[in-house]
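Note sheet for the following structure.
The values are calculated or read from the model by the stated rules, or taken from the named source; none is laboratory data. Small disclaimer: the values here were computed from a predicted structure and weren't measured. Note that we place each Cβ from the backbone using ideal geometry, even for glycine, and neighbour counts take in every protein chain shown. Each accessible area value is taken on the protein alone, full model and side chains, heavy atoms only, with ligands, DNA and RNA left out. Shrake-Rupley method; radii C 1.70, N 1.55, O 1.52, S 1.80 Å.
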Amino acid sequence: AKAKIKANLSNKLPNTNDFSGFNNEAIILKREIGKSRNLMPLRKLFNNIPHLLTTLKPCLMMSPLSISSYFKDNDIIFDAVIFDEASQVKFENSIGALFRSNQWIIVGDRHQLPPTSFFEYLDDENSNDESIEAEGFESVLNFTSAYLKTIRLLWHYRSKYEQLIDPSNNQIYKNLITFPNKTISSQYAGVIYKYVNGIFYDNMNEKEAEEVIETLKDLYKKFGLTKSFGVVTFNNKQKMLIERKIANLIQKEEKYAEFFDENKTDACFIKNIETVN
């Protein structure tokens, strides 16, 4: 099947030496390839070779906004457009791609948070975490699920340990098929719930931060620098509190300096949840 698809695509490639068909567009592309400077902007190039572009590259990977930007001045129509992580795509940003397609395949998880304006506030030191809301932002997944046929995922296979999907499966998905671990879970594998009797005040929990530090010290004692670790907080103030406690720890015990060195490839990072890649 792969060989047949490759052969079919190869047979459709235009003869760039012919004086008909794609010749004008091929000349434009070959001229740009031969340049070392003063290259034509991609947006203009795409507008000048719309038929050749989809013939040479029948499958394009672009963001919804890129489609609207790069193809705004031509009439390219795709046989199908596939949206991945559609729960994170605002409907208004998807219109350009939807308009240019004969078929839509929209993939996403409606249980995930919808698109928000959070990142517009990240650089504002005076912003209040509690004032940032997700209400009023509709994703293309939510918008189109009322009109399109829906196929539900029946099984989950991405977690190395079955325990990682169990909480979501029990509380949200209910009946996903999951797969047992091939090895026995160790102390720090899967999901571990640890109750901390702390007080949440001014978006911070002092006791929780101290417990995080103690856990990191235990991890360093057990694994040294052979493992990498990430600490994810639910707001920026808690992240900064943990960072201050780490700085105090390093001042008292220099042996932890390398463990928390952010310049290391496998550093122990501290991030609030919205900035985790």
- [ ] Report the residue, chosen from Thr233, Thr183, Thr54, that carries the largest GNM mean-square fluctuation when the chain is represented by alpha-carbon nodes joined by springs under 10 Å.
- [x] Thr183
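Which value, in debye to the nearest 20, gives the size of the charge dipole of region 1-105 about its Cα centre, when Lys and Arg are +1 and Asp and Glu are -1 at the Cβ?
Computed about the Cα centre, the dipole is about 420 debye.
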TODO: Using the Karplus curve 6.51 cos²θ - 1.76 cosθ + 1.60 with θ = phi - 60°, work out ³J(HN,Hα) for each residue of region 54-71 in order, rounded to whole Hz, and write x for Gly and Pro.
DONE: 6, 6, 6, 10, x, 10, 10, 10, 9, 7, x, 5, 5, 4, 5, 7, 6, 10
- [ ] Quick one: go through region 28-71 and flag any residue whose amide nitrogen is under 17 Å from the point 7 Å out along the Cα-to-Cβ line of Lys6.
- [x] 57-59
TODO: Mind telling me which of Ile213, Ile242, Ile172 comes out most flexible in a GNM of the chain, alpha-carbon contacts under 10 Å?
DONE: Ile172
TODO: Rounded to whole Hz and in sequence order, give me ³J(HN,Hα) for region 172-179 from the Karplus expression 6.51 cos²θ - 1.76 cosθ + 1.60, θ = phi - 60°, writing x for Gly and Pro.
DONE: 10, 7, 6, 9, 5, 7, 10, 10
Task: Largest-first principal axis extents, alpha carbons of the chain, Å - done: 77, 49, 43
Task: ³J(HN,Hα) computed for each position of region 227-239 - Karplus, 6.51 cos²θ - 1.76 cosθ + 1.60, integer Hz, glycine/proline x - done: 10, 10, 9, x, 10, 10, 9, 9, 7, 6, 5, 5, 4
Open item on the list: Give me the dipole magnitude in Debye, nearest 20, for the chain about the Cα centre, with unit charges on the beta carbon: positive for Lys and Arg, negative for Asp and Glu.
Closed with: 1680
Task: Whole-number accessible area per residue in Å² for the chain, which is evaluated in the context of all protein chains at 1.4 Å - done: 74
Task: With every protein chain in place, region 183-277: carbon and sulfur % of accessible area (1.4 Å) - done: 50
Open item on the list: What figure, in Å² to the nearest 10, do you get for the accessible area of Lys245 with a 1.4 Å probe and non-protein molecules left out?
Closed with: 40
Open item on the list: List the residues, sorted by chain then number, that are 5 or more residues from Ser101 or on another chain and whose placed amide H is less than 5 Å from its amide H.
Closed with: Phe78
- [ ] Based on the mean of other Cβ atoms within 10 Å per residue, sort peptides 95-107, 195-207 so the most packed one is first.
- [x] 95-107, 195-207
